[in-house]
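I have placed the structure first, in the form of structure tokens, so that the comments after it can refer back to it.
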Amino acid sequence: MQAFRASILHLLDDPTKSGEAVAFHADGLLVVDAGRVVACGDHAELAPVYADVPVEDLSGCWITPGFIDTHIHFPQVDIVAAHGAQLLDWLEQHTFPAEAAFADPDHAKEAAGFFVDELLRNGTTTALVFGSVHKGSVDALFAEAYARDMRLIAGKTLMDRNAPLGLMDDVETARADMESLIADWHGKGRLGYAVTPRFAISCTDAQLEMAGQVLAEHPGVWMQTHLSENPREIDETAQLFPGATDYLGVYERFGLVQKRSVFAHCVHLQGEAFQRLAAKDAAVAFCPTSNLFLGSGLFPLDEACAHGVKVGMGTDVGAGTTFSILHTLGEAYKVGQLRGAALDPFQALYLATLGGARALDLDDRIGNLAPGKEADFLVLDLAATPLLARRLAAAKGLEDRLFALTVLGDDRVVARTYLAGVERHRK
Ligand code: GUN
Ligand code: ZN
């Protein structure tokens, strides 16, 4: 057993729905054993109970749950900050050439190690990840996450049309690759597999049908794709699927909308479509830095939440411009401002932790520091930059401090990252 003394902040529920959601222990104690949380609360209360347990004193720091990134692309680490294009041109000019390089297993292995370490350096302890079309890239990514005992869900990207030749699969090889990846990795350690059709434009009917079949044959496997991100993308999808009711209808037709399905972006979705997502218990990944960077638009978070859709935060690297979920929350606030709906700081932290866990249907295991949960947590240095230290010294209470942390904080704040009670990053 180990214990950590610090201020502890986590969410026990959605703060927009419950007045009891925020748990803050100014002088707190987190007790961990065998990779799980044993106790979390006030130091004064817990210290006598766990008097024999060695305590590390981190007073002055905050402990929070690890962040959850519900949408990110592993083979796009080399094209973050590519100038000048919106979605479809960006894919063609920058993304597809970068992803083609992942046919090389050595490149995939090197990038996978970098990618996983960069997640941990930024305080992300769980991620839902797009691989490239190549099975080997996903093997490489899972191997690096497994070596660090990280909870990570990933899939081979499916694309059998509208992509360069070297970057396309076909229905039968894709099915075989997925079956083999699921057999090798799904449920191994803390890993999970996600069926990953890139988006409707890059998949034929036959491939989407196969994706739906594989999903139905493997209960517990996740599904991830893109939905309603950019006006030209939406138009082209309508032309490719003239029989579909709308963009979401394409995925519905092939059985891809269910619990454990995560749809990235949904920037241009309307109320009725959000209702259909909520009715199926599917989730949305809100990716503000990507939506701003590609000029995709302003995600209506308030509307999605009003319809009861589960939402998590996504960095969407490489259209997204940071691995930092903290920085992503600051940008989410600015998107809300442009829509006249300011994001509450506690809701922001909820989306990055327990909300993300609910979006991934993993809230029985991760998302906060309740006893029994996996001990994925962060030690945050609130004096990581001179400006942050000064601003927090002047802050007026917890909410104001948390808000300043999301607007001014990033990887510099993450002093340590723990996975299942084991330190995996120290600044
Ligand atoms: N739509 C289809 N592929 C992609 C991708 O790689 N990134 C983003 N942001 N949108 C997509
Ligand atoms: Zn994406």
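Of the peptides 84-94, 386-396, 13-23, how do they stack up when ordered by the mean number of other Cβ atoms within 10 Å, highest first?
84-94, 13-23, 386-396
If you put +1 on each Lys and Arg Cβ and -1 on each Asp and Glu Cβ, how big is the dipole of the range 175-223 around its Cα centre, in Debye rounded to 20?
With only Lys, Arg, Asp and Glu charged at Cβ, the dipole is about 240 debye.
Taking Cα atoms, how many degrees apart are the long axis of helix 231-240 and the longest axis of the chain, rounded to 10 and kept between 0 and 90?
Around 40 degrees separate the two axes.
Round to a whole number: what % of the accessible area of the chain belongs to carbon and sulfur, probe 1.4 Å?
Its accessible area is 51 percent carbon and sulfur atoms.
What whole-number value in Å² describes the accessible area per residue of the range 67-143 for a 1.4 Å probe?
Accessible surface, normalised per residue, equals 32 Å².
Please list the equivalent ellipsoid semi-axes of the range 47-188, computed as the square roots of five times the alpha-carbon gyration tensor eigenvalues, in descending order and whole angstrom.
35, 19, 12
So if I place +1 on the C-beta of Lys and Arg and -1 on the C-beta of Asp and Glu, and nothing else carries charge, what would the dipole magnitude of the chain be about its Cα centre? I want it in debye, nearest 20.
My answer is approximately 760 debye.
Suppose every K and R has +1 on its Cβ and every D and E has -1 on its Cβ; what is the size of the dipole of the range 1-69 about the Cα centre, in Debye to the nearest 20?
60
Taking 2.2 N^0.38 Å as the expected size of a compact globular protein, what ratio does the Cα radius of gyration of the range 255-402 give against it, to two decimals?
The value comes to 1.09.
Where q = 0.13, 0.19, 0.24 Å⁻¹, what log10 of I(q)/I(0) comes from the Debye formula for the range 239-310, counting one point per Cα?
Result of the Debye calculation: -0.37, -0.77, -1.12.
Rank 194, 352, 51 by mean-square fluctuation in a GNM of the chain with C-alpha springs under 10 angstrom and give only the top-ranked residue.
51
Averaged per residue, what accessible surface does the range 271-427 expose to a 1.4 Å probe, in Å²?
33
Hey, what's the range 170-266 come to in accessible area per residue, 1.4 Å probe, Å²?
Averaged over the residues of the range 170-266, the accessible area is 35 Å².
Straight-line reach from residue 135: which lysines have Cα under 19 Å away, leaving out those fewer than 8 places along the same chain?
109, 156, 188
On a straight-distance basis, which aspartates and glutamates could pair with residue 280 in a cross-link, Cα separation under 14 angstrom, same-chain partners fewer than 8 positions away excluded?
252, 272, 361
Among 63, 87, 44, whose Cα projects farthest towards the positive end of the dipole of the range 41-97, with charges put on the beta-carbon of Lys, Arg (+1) and Asp, Glu (-1)?
87
For a protection proxy built on the mean count of beta-carbon atoms within 10 angstrom, sort 176-185, 353-362 highest first, please.
353-362, 176-185
How many percent of the alpha carbon pairs in the chain exceed a separation of 29 Å?
Cα-Cα pairs in the chain separated by more than 29 Å: 42 percent.
How many angstrom separate the Cα center of the range 253-312 from the Cα center of the range 64-86?
Going from one Cα centre to the other spans 18 Å.
Relative contact order for the chain: what is it in percent, counting Cα pairs under 8 Å that are at least 6 residues apart?
Dividing the mean separation by the residue count of the chain yields 20 percent.
Just to confirm the number: angle between the C-alpha axis of helix 398-408 and the first principal axis of the chain, 0 to 90 degrees, nearest 10?
Helix 398-408 and the main axis of the chain meet at about 50 degrees.
Report the equivalent ellipsoid semi-axes for the range 46-98 in whole Å, largest first, defined as the square roots of five times the eigenvalues of the gyration tensor built from alpha carbon atoms.
48, 11, 10
How do the peptides 258-267, 197-206, 164-173 rank, highest first, by the average count of neighbouring beta carbon atoms within 10 Å per residue?
Ranked from most to least packed, the peptides come out as 258-267, 197-206, 164-173.
The values are calculated or read from the model by the stated rules, or taken from the named source; none is laboratory data. As the structure is a computational prediction, the values presented were derived from the model and not from experiment. With ideal geometry, Cβ positions are generated from the backbone for all residues, glycine too; neighbour counts draw on all protein chains shown. All accessible areas refer to the heavy atoms of the entire protein, side chains included, with ligands and DNA or RNA removed. Shrake-Rupley method; radii C 1.70, N 1.55, O 1.52, S 1.80 Å.
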